[in-house]
1. Would you work out the relative contact order for the chain, in percent, from Cα pairs under 8 angstrom that are 6 or more residues apart?
2. Set Lys and Arg Cβ to +1 and Asp and Glu Cβ to -1, take the dipole of segment 22-228 about its Cα centre, and tell me which of 105, 25, 216 lies farthest positive.
3. For the chain, find the longest principal axis of its Cα atoms and tell me its angle to the long axis of helix 48-59, 0 to 90°, nearest 10.
4. About the Cα centre, and with charges only on the beta carbon of Lys, Arg (+1) and Asp, Glu (-1), how big is the dipole of the chain? Nearest 20 debye, please.
5. Taking the 0 to 90 degree range and rounding to the nearest ten, how far is the long axis of helix 372-384 tilted relative to the main principal axis of the chain, both from C-alpha atoms?
6. I'd like the accessible area for residue 275, computed on protein heavy atoms only with a 1.4 Å probe and all protein chains in place. Round to 10 Å², please.
7. Using a 1.4 angstrom probe on the protein heavy atoms only, line up 153, 145, 226 by accessible area, largest first.
8. Could you work out what % of the accessible surface of segment 22-228 is carbon and sulfur, using a 1.4 angstrom probe and leaving DNA, RNA and ligands out of the count?
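The values are calculated or read from the model by the stated rules, or taken from the named source; none is laboratory data. Since the model is a prediction, treat every value here as computed from it, not as a measurement. A quick note on method: Cβ atoms are made from the backbone with ideal geometry, for glycine too, and the neighbour counts reach across all protein chains shown. The area values use the complete protein model at the heavy-atom level, side chains included, leaving out ligands, DNA and RNA. Shrake-Rupley method; radii C 1.70, N 1.55, O 1.52, S 1.80 Å.
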Amino acid sequence: MDTLMIRGGNRLEGEIPIHGAKNSALPLLAATLLVQGVSEIHNCPRLSDVKASIAILRHLGCRVEQQEDTVTVDSTALCGSAIPDTLMREMRSSIVFLGAIVARCGEAVLTYPGGCELGPRPIDLHLAALRRLGVTVEECHGYIRCRVARRLRGAEIALSFPSVGATENVLLAACTAEGTTVLRHAAREPEIGDLCDFLNACGARITGGDSGTLVIEGVPRLQGARHRVMADRIEAATYLAAAAVTGGTLTLTGCPALPVSPVFPALEQAGCRLYTGAPERLHIRAPARLSRVGTVRTMPYPGFPTDGAAPLLAAACVGRGTSVFVENIFENRYKYVDELTRMGARIQVDGRVAVVEGVDALQGATVACTDLRGGAALVVAALAAGGESRVTELGHLDRGYEDLTGCLAAVGAAIRRQTIPD
Ligand code: UD1
């Protein structure tokens, strides 16, 4: 069992290179299934969720090579259309493979992703949209069987909520459909734009970008292309929170400011200064003690990202005054709060609202990650806590942060990863 040992109190200073975005890499890897040839995905983060995606691609018959941060996928010999339950369970977001498999094979069999640590994970929007494109969906005994009679056909679709995953599934299914698809109320997250850029480089005809309405003119086939995964705006937001909580000064490199900017107002309200220098260099200078972050409401992009709330909430725990967090995307995102209270944080949760009363100091404790971003919150809190913290259940963090320990240690954190035999 691995444990992170963190001795809090060090001020972070220096540069952290931001890796490729997990939430972009996963749909991009699914998209390679549509290509009858070879795709090269560069700047692909080395994460357990990426590993799980590669396992799915290999299971379906693709040849996949991973060298450094480049993943090369040859989907020429794709031969499977079913993802077994074991692989589906490894990563809930594997549902994003559905649109691509059904488009390429005319059928797909997946197991239901079920609930996850953030609460129920329904896929009704994905399935309703695919039905509009001509997919017959049968749900039975936890399996989802999808079939297309001939070829998918373009359609007018309006999502009742701008779901990121449903938008990705429609994009993947509609690229090679017959005719034009118009997707209204689509997600506008930057990762959607990244996926569109790759698909267009492969020969797809998608317009609409981040307008919320995507127009996808079906093309008969896609050919291979090279693509560089965009920077991970949530990894960036996490390191901004780490700088904030330690009164630090950090520069994040390889990271354009715009996709991260929805988290700036809260950090600025807490007294941090954020500025960009050269392109793709984002600087933060935090005060010795943070003020309250005010009220943070998570929203679809360009609102405050739900994935960035937990690390910021951890920073607010030592801010002067009371901060309020309202979670509008997921039902159950505050599991990590109990762990933060072990460190002396004062937080009241009522449904989707968390009220954080800043304390003068946190104390190091043994805490367990409950989910990916909740785990990041514990690390942020431990960086500021007096004495040593031990953070366990690191599998959650490994899903979404490449070399978290190395990145933080390089800017002055007293952090090391220890393997303790069970
Ligand atoms: C993606 C991100 C995740 C992020 C989330 C919101 C990936 C791999 N994951 O998740 O990190 O937190 O966007 O920005 O990119 N919903 C339904 N029915 C559906 C689909 C979604 O009710 O068919 C609900 C969900 O339960 C949730 C909300 O819509 O409450 C948002 O979900 P969605 O935008 O689909 O998130 P994901 O794509 O799962």
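1. Value for the chain: 21 percent.
2. Towards the positive end, the residue furthest out is 105.
3. Value to nearest ten degrees: 20.
4. Details: 42 positive and 44 negative charges, 86 e Å.
About 420 debye.
5. The angle comes out near 20 degrees.
6. Surface accessible to solvent at residue 275 totals approximately 80 Å².
7. Most to least solvent-accessible, the answer reads 226, 153, 145.
8. 47 percent
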